[in-house]
Amino acid sequence: MEWLQQLINGISLGSIYALIALGYTMVYGIIKLINFAHGDVFMVGSFIGFYSITVFGLGFFPALILSMAACALFGVIIERIAYKRLRNATRIAALITAIGVSLLIEYGVIYIRGAQPEAYPNVFSNRSFEFLGAQISIQSILILSVSVVLMILLQFIVHKTKTGKAMRAVSHDTEAAKLMGINVDNTISATFAIGSALAGAAGVIFGVYYTKIDPLMGVIPGVKAFVAAVLGGIGIIPGAMVGGLVLGVVETIVSALGFSLWRDAAAFVILILILIFRPSGIFGKNTREKV
Amino acid sequence: MKKSKFASLFLASSLLVGVLAGCGAEEEGTSSNGGEGSSANGGDTIKIGANLELSGAVASYGTSEADAIDLAVEEINAEGGIDGKQIELIKVDNKSDAAEATSAAIKLTSQDKVVAIIGAATSGASVAQVQIATDTKTPMISPSGTSTTVTVGDDGKVNPFTFRTAFIDPFQGTVAANFATNELKVKTAAVYADNASDYAKGLAASFIKDFEAAGGTIVAEESYVAKDTDFRSTLTRIKSSNPEFVFIPGYYEEVGLIVKQARELGITVPLMGADGWDSPTIVDLAGADALNNTFIITAYSADDPDGKAKAFAESFSKKYGKDPNSFNALGYDSVYLLKDAIERAGSTDGTKIKEAIEATDQLELVTGLYSVDENHHPIKSAVIIEFVDGKQVFNTKVNP
């Protein structure tokens, strides 16, 4: 059952993309900023998880929660220091700042600990079982369930809590939300906190699943997650989940057909096709373009 | 007073003439049928130069080789030297720098007038002295320069006076193919190579050629790109082609992940790589369990039970208090390779030594049997190391 195995491979990869893509899409939805530093928050989360497992001897779940909390704080700090004062600046200024923040984080981490990679310790047993001829490891089951739980939690926060309501309101119309008495700054910070926490979780999951982490590990997953967010329709939360999973499965299929060297190209071909034929993404509604 | 002044002037000038004449005779001697001229010049010692990385970025390679060269020279001198002549070793530090290696070679050939040069440890510094070696007809042996360009120039012509002790990279593909067919007795193999590195591509190509020549079938040929982290989909594809053996030339950073992911997907067959795997990090990345039943190729192992290797390991650890590594062994072998050639040449003339090295056939060295092919690449034994619970264990020695 090679195809079942490949599907599992694809969904595992895709769920990591989806977790990162959620942060992109939430931030874009609320302040129309493509936060290119998001991939690096993912990297920082991975390192926080690594050090809490190796240095503090924590287990997987405490490390995951610690990493999510630290990343949430980190995301808020980035927003407050770098993006807040640019809220009324041109979008290109904010975009360039985001790239600057991204490089600052990458090389800041290299400055602090060097560029050498680390190997994530084995927190789960390496055991795997056979299911219809496919090898499914305990790890990938846990990783998938953690991703799914986080996504459900996110849906709950966005649709059932007051903060979520505020986020949706600000995303819909910032000015009107302000007039209704919503604290826009706090809501934006909350968005950054939630998005960054998800990136931190993705970082820990990535480390456990792929073992090797290094300070530049966030670059390619970050760009892929951006593609996933655009694919699903940037700014739309379910779109990011579906986009991530679709991208992971497509990349896996490309490799499975023997074109492993074209895998990265496939992601960007998808981006180009989506931008040409359906710029608002799978879940996007066609809206009038503001001039 | 005047008379004596004149006399001293006369004496001095005649001395000068004598020196000049001597030089002339000597030059004539080396350039024509040499032997006697230069051995008369050498007196009762044979001068050998060592042009090594004793400081700088790769000082650990150079100093490792220098230690072993010292040991070899000491042993040879204690046993009466080469043809009754003691070896005089002249070591020069090239500071891990190609330009310094060139000037070190000029110093060794023009000032010290060495018979041959051992060094340098790296390919870059070795290539930098090729021209000097060719111009002065001084044989040079690079113990560990593995790039083909050390012995074969960019124009495809062999550098006549340049040799090496270590096998070149693609040769490891041949060794892996031999090991898979003869020792593991497998009939089908998959190759999964790093597409971004010439090293890996060269190894893959020579493995495929020799494995197929030995009657094996390549059932899958896949590639990855350095810095990838997800290999599962390609590995699943490899698994579905049911190979009995997977050859993975590449570097430990990716190979560690490939081995781990392959084992998770249930690929239990032997996996094999080359010296690119040789790093303690691979055990962290792959995990000791996943690394079981994997093999790598190296030039030398301190656990080699072969008599010569064992004797070397013993005398080395007696002198330096540690186990020898590959660089030690290759440096040591370079001296014995040269000794053998000088003895067979019966002369210290550069051209004759060069011809003797070219004729080296199945010479028994610490790193195995050594012969030279027409491109001055060695055809020699390689050591196969197996990972057992995260430790490197000597498995076997594959002879050419």
Gap separating the Cα centres of the range B:68-114 and the range B:215-265, nearest whole Å
45 Å
Would you mind finding the longest exposed-site-free stretch of chain B, with exposed trypsin sites (Lys or Arg not before Pro) meaning DSSP loop and at most 16 other Cβ atoms within 10 Å?
B:1-156
Shape box of chain B [Cα atoms, principal axes, largest first, Å]:
101, 45, 37
So, with +1 on the Cβ of K and R and -1 on the Cβ of D and E, and no other charges, what is the size of the charge dipole of the range A:1-126 about its Cα centre, to the nearest 20 debye?
640 debye
For a footprinting-style exposure proxy, rank B:VAL158, A:VAL242, A:VAL230 by other Cβ within 10 Å, fewest first.
B:VAL158, A:VAL242, A:VAL230
A correct Karplus calculation of ³J(HN,Hα) over the range B:121-127, with 6.51 cos²θ - 1.76 cosθ + 1.60, θ = phi - 60°, whole Hz and x for Gly and Pro, returns 6, 9, 5, x, 5, 6, 4
Nothing charged except the Cβ atoms of Lys and Arg (+1) and of Asp and Glu (-1): what's the magnitude of the dipole of the protein assembly as shown about its Cα centre? Round to the nearest 20 debye.
3680 debye
For A:MET167, A:MET151, ascending order of other Cβ atoms within 10 Å (fewest first) is A:MET151, A:MET167
One can check that the equivalent ellipsoid of chain A, built from the alpha-carbon gyration tensor with semi-axes equal to the square roots of five times its eigenvalues, has lengths in Å, largest first, of 30, 23, 18
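Over the range A:2-277, what relative contact order in percent results from Cα pairs under 8 Å that are six or more residues apart?
Once normalised by length, the contact order is 40 percent.
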Taking the convex hull of the alpha carbon atoms in the protein assembly as shown, what volume per residue do you get, in Å³?
223 Å³
From fewest to most C-beta neighbours within 10 Å, the residues B:SER147, A:SER137, A:SER255 line up as B:SER147, A:SER137, A:SER255
Less than 11 Å Cβ to Cβ from A:ALA37, Lys/Arg counted +1 and Asp/Glu -1: what total charge do the surrounding residues give?
-3
Kindly flag which residue pairs out of B:LYS95/B:LYS354; B:LYS354/B:LYS391; B:LYS239/B:LYS310 have an alpha-carbon separation exceeding 31 Å in this structure.
B:LYS354/B:LYS391; B:LYS239/B:LYS310
For chain B, what is the calculated [θ] at 222 nm in deg cm²/dmol (nearest 500), taking -39500 (n - 2.57) for each run of four or more DSSP H residues and dividing by its residue count?
-14000 deg cm²/dmol
Trypsin sites (Lys or Arg not before Pro) in the range A:87-165 lying in a DSSP loop, each with at most 11 other Cβ atoms within 10 Å of its Cβ, come to A:ARG127
Determine the distance separating the Cα centre of the range A:112-133 from the Cα centre of the range A:181-235; give it in Å without decimals.
21 Å
³J(HN,Hα) across the range B:351-361 via Karplus (A = 6.51, B = -1.76, C = 1.60, θ = phi - 60°), whole Hz, x for Gly/Pro?
5, 5, 5, 4, 5, 5, 5, 4, 8, 4, 9
Relative to the longest principal Cα axis of chain A, at what angle does helix A:2-31 sit, 0 to 90 degrees, rounded to 10?
20 degrees
Quick one: of the DSSP bridges fully inside the protein assembly as shown, what percent are antiparallel, nearest 5?
45 percent
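Taken together, the values in this text are just the output of simple stated rules run on the coordinates, not laboratory data. Model, not experiment: these values are computed from the prediction. Methodologically, a virtual Cβ is constructed for each residue, glycine included, from the backbone with ideal geometry; neighbour enumeration extends over all protein chains shown.
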